[in-house]
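Coordinate-derived values only; no laboratory data. What you see is a predicted model, and the numbers here were worked out from it, not measured in a lab. Note that each Cβ is placed from the backbone with ideal geometry, even for glycine, and that neighbours are counted across all protein chains shown.
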Amino acid sequence: MRLASRCIDEETCRKWDYRQGDHMGQGVQIANYRDTSGTLVAQKVRFKDKSFAIRGDIKAAGLYGQHLWRDGGRRVVITEGEIDALSVSQVQGNKWPVVSIPLGANNARKSLAAQLEWLSGFEEVVLLFDEDDAGRAATMDCFTLFKPGQCKVAKLPLKDANEMLKAGRADELRAAIFEAKTLRPDGIVTISDIRDRVLAAPVEGFPWWHEGLNEVTYGRRPGEAYALGAGTGVGKTDFITQQVEYDINTLGQKVAVFFLEQQPEETAKRVCGKFAGKRFHIPARFGGWEQEELVAALDLIDAEPRLHMYDHFGSAEWDKIADRIRFLFHTEGIVIYYLDHLTALATGGNVGSEKDELERIMAEIGSLVKELNIILIFVSHLTTADGVPHEEGGRVTIRNFKGSRAIGFWSHYMIGLERDQQAEDPRIQQTTTLRVLKDRYTGQATGKCFFLGYEVDTGRLYPTDDPSKEPPAFGNETDSTDF
């Protein structure tokens, strides 16, 4: 007999003892399973609707067709079904070893493991399972059974070997077997796989507004998360809004800010103030500004909309923010994001302890910045200091960050801000220490300190010297209530 609809010839059917017959009044195909001595031990009866029934002890037979070949050799091909085994055998002149798993992809590993001693006698085992989800999953599941380099995987442009045969693509089927490649799990690469990426010049990141910080960090790189920790009123808002303004007006970048304790209108006033050198967020008669100046700053900043703000209406949930970050990235192409503050999200409605929620959020932040290749700079609240309070100049350490374990693990940089708001010397009272606590990129920035002065008239921060060693010239800058 032959299987005309499958393009299987009589010689192949005879070699494999593949037959047609009648079962309970229905025309069926019969795959005869034999043990290693050639004794018939089971039959797999296939119906027209592709369902099948098993007669006998199919486990005693091992792999379908195993009895046809001598033990060991150069190569054996393993297919997912009997018809595919016949197809491969036929295109190879019925001369070279090919077998099939007996019970489908879901049982592939178990079937091969039971015959591993026989399979280990071949220099090369080629898996030729179906090109569908089940077949690919079975391939990944089975290749680890074999010693390194023994197992290879053949890829087909059609679903399976018989589809190739019916399409008249026997030459491509043979080529796929001979060109089968050693399988490597996703994520494993060699130098040749990433050669172009290795040869690419290191990218200098987006600069900070503070040149000293740029020199030790080489800027801010997409794919990284930056943690900023500070006590209440130490100056983190001024630092962030000055960086936002720099990103928008100096770098020409679109920016998205998620300030959970500040309304968008105040954020806009503060960013405009950094641009114009005016404190628009305090009453005009105290800040020395005119309404026309605010309008002019708004018009300039909004001429090409680059500042996107989150009006959260009291909702502070990380999942919603993550969705909006993805939206802004895909629709607006925004790369730089600011979040103030992380701690608010840990109590934003999800069930669980603050610690557990911070760990979950940080793990997702670590994945998100890599997924989208973005920069996320976020603020974390600090735990109570052991000694001197942070608001009185107490030194910030990594363990002071709420959720420090997760933040320390996932952040590429951690920066602490310190300022003694109660100092008698106004120069110390108005100087913030910026301390780099972690630098994953090179490590050279860790431990570096920079000092930031504050100009009351303009509301701007500026690099200065350590006031405890060499007092800077503050002029008439004595009002520190805003900072």
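Remark: the Lys147-Leu40 segment gains 35.3 nm on full extension, using 0.36 nm per residue and subtracting the alpha carbon distance.
Pop the C-beta distance of Phe178 and Glu131 into the FRET formula with R0 = 22 Å and round what comes out to the nearest 0.05.
Working: r = 18 Å, r/R0 = 0.81.
The value I calculate is 0.80.
Using R0 = 22 Å, the C-beta based FRET efficiency linking Leu116 and Lys95 works out to 0.35. Stretched out straight at 0.36 nm per residue, the stretch from Val198 to Thr250 would grow longer than its current Cα-Cα span by 15.6 nm.
Determine one quarter of the surface area of the Cα convex hull of region 231-283, which equals its mean projected area, and express it in nm² to one decimal.
Taking the Cα atoms of region 231-283, their convex hull projects to 4.0 nm² on average.
Look at the dipole of the chain built from charges on Cβ: of Ile375, Gly287, Val436, the Cα furthest out on the positive end belongs to Ile375.
Phi angles across region 147-158 convert, under the Karplus curve 6.51 cos²θ - 1.76 cosθ + 1.60 with θ = phi - 60°, into 3J(HN,Hα) values of 5, x, x, 7, 8, 10, 10, 9, 10, 10, x, 10 Hz, Gly and Pro given as x. Taking the number of Cβ atoms within 10 Å of each Cβ as an exposure proxy, the fewest-first ranking of Phe450, Phe329 is Phe329, Phe450. Packing around the peptides 52-58, 416-422, taken as the average count of other Cβ atoms within 10 Å per residue, puts them in this order, highest first: 416-422, 52-58.
Among the listed pairs Lys50/Lys166; Lys236/Lys402; Lys254/Lys448; Lys50/Lys159; Lys95/Lys159, give every one whose C-alpha distance is greater than 20 Å. Don't skip to the end; give the middle numbers.
Values: Lys50/Lys166 18 Å; Lys236/Lys402 16 Å; Lys254/Lys448 29 Å; Lys50/Lys159 16 Å; Lys95/Lys159 24 Å.
Beyond 20 Å: Lys254/Lys448; Lys95/Lys159.
Compute log10 of I(q)/I(0) for region 211-464 with the Debye formula, placing one identical point scatterer on every Cα and leaving out solvent, at q = 0.10, 0.16 Å⁻¹, to two decimals. Calculated log10 I(q)/I(0) at the listed q: -0.48, -1.31.
Quickly rank 7-17, 235-245, 112-122 as a protection proxy: mean count of other C-beta atoms within 10 Å, highest first.
Numbers: 7-17: 16.7, 235-245: 23.6, 112-122: 15.0.
Ranked from most to least packed, the peptides come out as 235-245, 7-17, 112-122.
For the residues Met362, Met309, what sequence is obtained by ranking on other C-beta atoms within 10 Å, fewest first?
Details: Met362 25, Met309 20.
Neighbour counts put them in this order, fewest first: Met309, Met362.
Assuming charge only on the beta carbon of Lys and Arg (+1) and of Asp and Glu (-1), the dipole of the chain about its Cα centre is about 3040 debye to the nearest 20. Each stretch of four or more DSSP H residues adds -39500 (n - 2.57); spread over every residue of the chain, this sum gives -9000 deg cm²/dmol at 222 nm. Suppose the Debye formula is applied to equal point scatterers at every Cα of the chain; what is log10 I(q)/I(0) at q = 0.06 Å⁻¹? At q = 0.06 Å⁻¹ the computed log10 ratios are -0.50.
Take peptides 68-77, 96-105 and line them up by average Cβ neighbours within 10 Å, highest first, as a rough protection proxy. Intermediate results must be reported in sequence, preceding the final value.
Details: 68-77: 15.2, 96-105: 22.2.
Listed from highest to lowest mean packing, they are 96-105, 68-77.
Once backbone amide H atoms are built at 1.01 Å from N, Phe280 has Gly273 as its partners under 5 Å, excluding neighbours fewer than 5 places away on the same chain. Loop-located GluC sites (Glu not before Pro) in region 248-308 (DSSP state not H, G, I, E or B) with no more than 16 neighbouring Cβ atoms inside 10 Å: Glu261, Glu290.
Working note: Karplus 6.51/-1.76/1.60 with θ = phi - 60° gives region 429-442 the couplings 4, 9, 10, 9, 8, 9, 10, 7, 9, 8, 9, 6, 5, 10 Hz, where Gly and Pro are set to x. In order along region 56-62, the Karplus-derived 3J(HN,Hα) couplings, from 6.51 cos²θ - 1.76 cosθ + 1.60 at θ = phi - 60°, round to x, 9, 5, 5, 6, 8, x Hz, and Gly and Pro are given as x.
Using a Förster radius of 56 Å, what is the FRET efficiency between Arg74 and Arg440 based on their Cβ-Cβ separation? Nearest 0.05, please. Calculated value: 0.70.
Take the Cα radius of gyration of region 4-182 and divide it by 2.2 N^0.38 Å, with N its residue count; two decimals is plenty. Show your work: numbers first, answer last.
Working: Rg = 15.2 Å, N = 179, 2.2 N^0.38 = 15.8 Å.
Normalised by 2.2 N^0.38 Å, the Cα Rg of region 4-182 equals 0.96.
Computed extension length for Lys166-Lys15: 52.4 nm, one decimal, from 0.36 nm per residue of separation with the Cα-Cα distance subtracted. With a cut-off of 13 Å between beta carbons, the residues surrounding Arg395 carry a summed charge of -2, where Lys and Arg count +1 and Asp and Glu -1. Taking amide H positions as modeled 1.01 Å from N, with prolines and chain starts lacking one, the residues under 5 Å from Leu260 and 5 or more places away or on another chain are Asp340, His341. What residues from region 267-286 fall in the zone where the backbone N is under 17 Å from a label point 7 Å along the Cα-to-C-beta line of Asp311? Counting backbone N atoms under 17 Å from the label point, the list is 267-270.
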